[in-house]
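Chemist: The structure's right below; bear with me while I get my questions together.
The values are calculated or read from the model by the stated rules, or taken from the named source; none is laboratory data. Remember, predicted model here, so these are calculated numbers, not experimental data. Don't worry about glycine lacking a Cβ; one is built from the backbone with ideal geometry, like all the others, and counts go over all protein chains shown.
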Amino acid sequence: MLDYQLFSDDELVRLLQAHDRRAFTEIYRRYASVVYKNAYKLLTNRDEVMDIVHDIFASLWLKREEIIFKTNLPGYLYISARNQVFKVIAHQQVSSKYLNFIEPASSISSGDTDHLVRNRQLEAIIENEIDELPAKMRQILILSRKSNLSHKDIGLALNISEHTVKKQVNNALKILRVKLSTYLSLLAALFVEI
């Protein structure tokens, strides 16, 4: 019987890609606590961190055949954890902004309801247009605009250059301007009627 503890990370990765469950188990045994500790430093919420650890290793198993390791296994897991943490933080910030938006809405007079409905519709349109952006561009735009991360931080998080981040943000904004220009014209016309 093979002792998987003696295998190097590279050997374990090759076995993992060949559907070897014991290799996956050994990778999990070696690195789950490391991934947990790194994610916990940034989030400090045990449940969210455990979800991240489980998601990373579930993804590792499910995508084992198609994953291309640009770094070593610990580097891959670290980058995966960092990206997952950024997603959680971005989601928390969006949720927080949403809750902050909803609370004052309960005190709005009935005369402002029409404006509130139009505002929500416009937000939904904008979100839909953002969702239709290419995946990487959308991710970068969300990290830039919703998570308020600098281009440098986004570049580090996604392992791309700061210049690429800036270019992706600019391209995303150009695309959104074009797509939303018709909606903004319509919205302006609606406000003129009021």
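Chemist: Go through the stretch 29-42 residue by residue and tally those that are more than 17 Å from N72 (Cα to Cα) and buried (at least 18 other Cβ atoms within 10 Å of the Cβ).
Modeler: Selection size over the stretch 29-42: 2.
Chemist: State which residue is surrounded by the most Cβ atoms within 10 Å (Cβ to Cβ) when the search covers only the stretch 130-175 and only residues that are small (G, A, S) and not in a helix (DSSP H, G or I). Before you say what the answer is, go through the steps one by one.
Modeler: Residues of the stretch 130-175 small (G, A, S): 135, 144, 147, 150, 155, 157, 161, 172.
Restricting the remaining residues to those that are not in a helix (DSSP H, G or I) gives 147, 150, 161.
Numbers: S147: 18, S150: 12, S161: 12.
Selected residue: S147.
Chemist: Another question, if that's okay. Which of the residues that make up the stretch 35-50 are free of Cβ contacts under 8 Å to residues at least 24 places away in the same chain and assigned to a helix (DSSP H, G or I)? Break it down stepwise before answering.
Modeler: Within the stretch 35-50, the subset free of Cβ contacts under 8 Å to residues at least 24 places away in the same chain is 36-37, 40-41, 44-47, 49-50.
If the condition is that a residue be free of Cβ contacts under 8 Å to residues at least 24 places away in the same chain and assigned to a helix (DSSP H, G or I), then Y36, K37, Y40, K41, R46, D47, V49, M50 are the ones that fit.
Chemist: Output the number of residues of the stretch 54-79 satisfying the condition of being outside any helix (DSSP H, G or I), among the charged types (D, E, K, R) and under 19 Å from the mean Cα position of the chain (by Cα).
Modeler: Applying the first criterion (outside any helix (DSSP H, G or I)) to the stretch 54-79 yields 63-72.
Okay, now just the ones that are also among the charged types (D, E, K, R), so 63-66, 70.
With the extra rule that they be under 19 Å from the mean Cα position of the chain (by Cα), the set shrinks to 63.
Total meeting the criteria: 1.
Chemist: Say we look at the stretch 17-28 and pick out the residues that are under 26 Å from the mean Cα position of the chain (by Cα) and not hydroxyl-bearing (S, T, Y); which of these is surrounded by the fewest Cβ atoms within 10 Å (Cβ to Cβ)? Talk me through it step by step, then tell me what you get.
Modeler: Quick first cut of the stretch 17-28, residues under 26 Å from the mean Cα position of the chain (by Cα) only: 17, 24, 27-28.
Filter once more, keeping what is not hydroxyl-bearing (S, T, Y): 17, 24, 27.
Details: Q17: 14, F24: 18, I27: 23.
Out of the qualifying residues, it is Q17.
Chemist: Right, next: Exactly one condition in (1) at pLDDT below 75; (2) surrounded by fewer than 16 Cβ atoms within 10 Å (Cβ to Cβ) is not met by L187; state its number.
Modeler: (2)
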